[in-house]
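Working notes, structure below.
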Amino acid sequence: MQRILLDTDPGVDDAQAILMVTAHADTKVEAIFTVGGNVGIEHTTRNALTIVEAIEQDIPVYAGCESAFVFEGEDAAYVHGNDGLGDSSLRPKSRQVEPEFAPTALIRMATAEPDAFTLVAIGPLTNIALALRMDPTLPEKIKRFVVMGGAVTGQGNTSNVAAEFNIFADPEAAYVVFEAWGRSGKLIELVDWEATIRYGIPFERVEAWRKIGSARSKFFDTVSNRSFDRPSLTEGRTKMFAADPLALAVVVEPSCVTHAEDRFVMVETGGMYARGQTIVDWNSRLGKAPNARIILELEAERFYQLFEDGLK
Ligand code: BDR
Ligand code: CA
């Protein structure tokens with residue numbers, strides 16, 4: 001059984017990812033840590049509670065950092081709605097957030113059971129960076145670390161065109177995380193925005209999922225409406241992009257990956273145009289040991305099937 005600690009900023013595709021991971025038989029999510037990102041922390045925390053309550057999962061939710069380390073980043077309310085869940089106005093009826101601060105909870109759990117957990121980050125890396133500053137030995141205690149973030153050849157999805165949202169939202173935090181993981185000798189498994197585009201989900205398939213009729217598929221339909229019904233987000237596209245579910249597919253079934261490359265990855269924190277870019281030393285010019293395993297290809301059908309399984 002793979003035991004997961006999930007750091008997230010729900011977020012429509014974060015919600016979809018939680019549907020997927022909680023449906024997988026060999027996986028158990030033991031804590032959700034929220035971070036400000038797609039929308040503010042009050043929304044992302046409330047949304048995490050709404051999601052676990054809606055799908056009847058007994059997963060504790062811990063609130064983490066509300067803003068980026070140094071400079072405030074852009075949010076992504078345009079994509080996810082002002083409430084972060086597609087302006088669905090869903091609220092938890094009774095679930096409450098835990099009193100402990102998320103980075104503290106992460107350190108506590110990892111320290112109590114070293115090498116027991118897969119850490120998954122599908123939002124800005126602020127909580128993880130802070131936890132690393134509080135406990136630099138954190139990488140040694142984590143079994144696997146999977147990050148949704150970056151655009152490995154500079155084809156991002158933010159106003160800084162080379163940067164992907166999760167990294168651009170807090171480049172200093174991402175810098176701390178990539179640097180620290182590199183020092184530990186362990187690899188971050190990186191699922192980037194360009195892979196998300198390569199493995200977009202055909203709209204015909206998504207349409208069928210909307211009609212499954214289960215409580216989970218209805219929840220998916222309610223929160224994801226913007227991803228398929230809003231012309232400004234869908235025009236000219238034939239596929240739905242689902243970054244966080246793609247990362248969770250790699251988490252729950254690593255054998256679906258057919259091509260990955262280990263490379264040294266840096267995060268640009270300055271730059272006139274490139275703040276928040278993930279810069280990859282593709283040709284090992286720096287002679288540095290890799291700090292990331294970049295997921296380049298995977299079995300698309302398995303990804304789609306895992307997504308569908310989460311909606312039944
Ligand atoms: C990432 O940014 C967020 O908007 C999504 O939730 C995902 O984690 C994609 O770039
Ligand atoms: Ca996210």
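Values in this text are rule-based calculations from the coordinates and carry no lab data. Just so you know, these numbers come straight off a predicted model, no measurement behind them. FYI the Cβ positions are ideal-geometry reconstructions off the backbone, even for glycines, and counts take in every protein chain you see.
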Potential extension, ASP262-ALA77 segment - 0.36 nm per residue separation minus Cα distance: 63.3 nm
Share of pairwise Cα separations in the range 67-204, more than 23 Å, in percent: 43
Principal axis dimensions, largest first and in whole angstrom, of the range 1-121 by Cα: 38, 34, 23
Rel. contact order, % - alpha carbon contacts under 8 angstrom, at least six apart, the range 231-297: 33
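With charges only on Cβ, +1 for K and R and -1 for D and E, what is the dipole size of the range 164-312 about its Cα centre, in debye, rounded to 20? Mind showing how you got there, number by number?
Numbers: 19 positive and 23 negative charges, 46 e Å.
In debye, rounded to 20, the range 164-312 gives about 220.
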Label zone at SER284 (point 7 Å along Cα-to-Cβ), backbone N below 11 Å, the range 260-278: 262-264
Ordering of 223-234, 147-158 by burial proxy (mean other Cβ atoms within 10 Å per residue, highest first): 147-158, 223-234
Cut-off 15 Å (backbone N to label point 7 Å along Cα→Cβ of LYS312), residues of the range 6-40: 20-26
Fewest-first sequence of TYR304, TYR62 by Cβ atoms within 10 Å of each Cβ: TYR304, TYR62
Qualifying aspartates and glutamates (Cα of each under 17 Å from Cα of LYS211; at least 8 residues distant if same chain): ASP221, ASP229, GLU308, ASP309
For the range 177-312, average projected area of the Cα convex hull in nm²: 10.2
Compactness relative to 2.2 N^0.38 Å, alpha carbon Rg of the chain: 0.91
Amide hydrogen neighbours beyond the local backbone of THR269, cut-off 5 Å, H modeled: GLY276
Point-charge dipole on Cβ atoms (K/R +1, D/E -1) for the chain, about Cα centre, debye to 20: 280
Under 19 Å from the Cα of LYS141 - lysines, other chains or at least 8 residues apart: LYS28, LYS186
The range 177-214 and the range 11-71: distance between their alpha carbon centers, rounded to Å: 16
Residues in the range 60-78 that a label on GLU100 would reach, taking backbone N under 12 Å of a point 7 Å out along Cα→Cβ: 60-63
Relative contact order of the chain, pairs being alpha-carbon contacts under 8 Å that are 6 or more residues apart, as %: 21
Extension gain (nm, one decimal) between GLU113 and LYS93, 0.36 nm per residue minus Cα-Cα: 4.0 nm
